[in-house]
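A quick write-up on the structure given underneath.
The values are calculated or read from the model by the stated rules, or taken from the named source; none is laboratory data. Source: prediction; values computed, not measured. No Cβ is skipped: glycine too gets one built from the backbone with ideal geometry, and neighbour counts run over all protein chains shown.
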Amino acid sequence: MWIKRVGAVSQSPRSKILTIPSSLYSHMSGYVFVVVVNGTPIYEHSVGTVNLPSDGPNSYQFVLHAALDMVEEHLWKTGTMNLKRIDAFQGQNISAYVTASNVVFLLMHERASEDSVGSFMHQVHEMYIKIMMNPFYTHGTVIASGPFDARVHQLMRNIT
């Protein structure tokens, strides 16, 4: 499979605290956020339920993997970091953000505004920079940080 579940990598009790019953966010649409370095996912987080009428519960991984080609195409057209909406698949929009070091942030969402998605991407980029500045973190390895996870979760719930 293309994306390895980050939750399976980090078996800390803290990661279980972040699990929220679906009844609490049933009014929300689903969001999936992935950080990709050199074609390899290093972080994945989802909130709500992503409804893709495709094969299996992990079909969004294939959709996001296909969106990486669109990232390269849009990157050549625009010189900005926030590529905004780059693709859509069965009612799900895919927005992208590329850092100066070519780390790709992908967000799959149903109908979030470009402003809230842009703000989300910018804030996550700032947090990613802090992770990168940590001398104990090796670039390109899986991000397994409880505070990072909690903040991304909070930001994803605030996307409108």
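Taken over segment 87-99, residues that are surrounded by fewer than 19 Cβ atoms within 10 Å (Cβ to Cβ) and either among the aliphatic types (A, V, I, L, M) or over 14 Å from the mean Cα position of the chain (by Cα) (or both) amount to 4. Within segment 75-85, the residues that satisfy the criterion of being under 17 Å from HIS125 (Cβ atoms) and either touching a Ser or Thr at 6+ places or on another chain (Cβ under 7 Å) or of a type outside the set (A, V, I, L, M) (or both) are THR78, GLY79, THR80, MET81, ASN82, LYS84.
Condition check for THR80 on (1) in contact (Cβ under 8 Å) with a residue 24 or more places away in the chain; (2) surrounded by fewer than 16 Cβ atoms within 10 Å (Cβ to Cβ); (3) part of a loop (DSSP other than H, G, I, E, B): one failure, at (1). If you scan segment 101-160, which residues turn out to be on the phi > 0 side of the Ramachandran plot and polar (S, T, N, Q)? Within segment 101-160, ASN102 is the sole residue that qualifies. Pairs linking a residue in segment 40-68 that is within 22 Å of PHE148 (Cα to Cα) and of a type in the set (Asp, Glu) to a residue that is in a loop (DSSP other than H, G, I, E, B) and at pLDDT below 75, with Cβ atoms under 9 Å and 6 or more positions apart or on different chains, are GLU44/ILE3; GLU44/LYS4; GLU44/ARG5.
Residue by residue, here is whether (1) of a type outside the set (Lys, Arg); (2) in a loop (DSSP other than H, G, I, E, B); (3) surrounded by 14 or more Cβ atoms within 10 Å (Cβ to Cβ) holds:
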{"position": "SER101", "(1), (2), (3)": "yes, yes, no"}
{"position": "PHE105", "(1), (2), (3)": "yes, no, yes"}
{"position": "ASP115", "(1), (2), (3)": "yes, no, no"}
{"position": "SER119", "(1), (2), (3)": "yes, no, yes"}
{"position": "VAL124", "(1), (2), (3)": "yes, no, yes"}
{"position": "GLY140", "(1), (2), (3)": "yes, yes, no"}
{"position": "ARG151", "(1), (2), (3)": "no, no, yes"}
{"position": "GLN154", "(1), (2), (3)": "yes, no, no"}
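Could you run through segment 126-138 and say how many residues are over 16 Å from the mean Cα position of the chain (by Cα), of a type in the set (A, V, I, L, M, F, W, C) and surrounded by 11 or more Cβ atoms within 10 Å (Cβ to Cβ)? Of the residues in segment 126-138, 1 are over 16 Å from the mean Cα position of the chain (by Cα), of a type in the set (A, V, I, L, M, F, W, C) and surrounded by 11 or more Cβ atoms within 10 Å (Cβ to Cβ). Out of all the residues in segment 89-146, which are of a type in the set (Asp, Glu) and either touching a strand residue (DSSP E or B) at 6+ places or on another chain (Cβ under 6 Å) or closer than 16 Å to VAL32 by Cα (or both)? Selection gives GLU110, GLU114.
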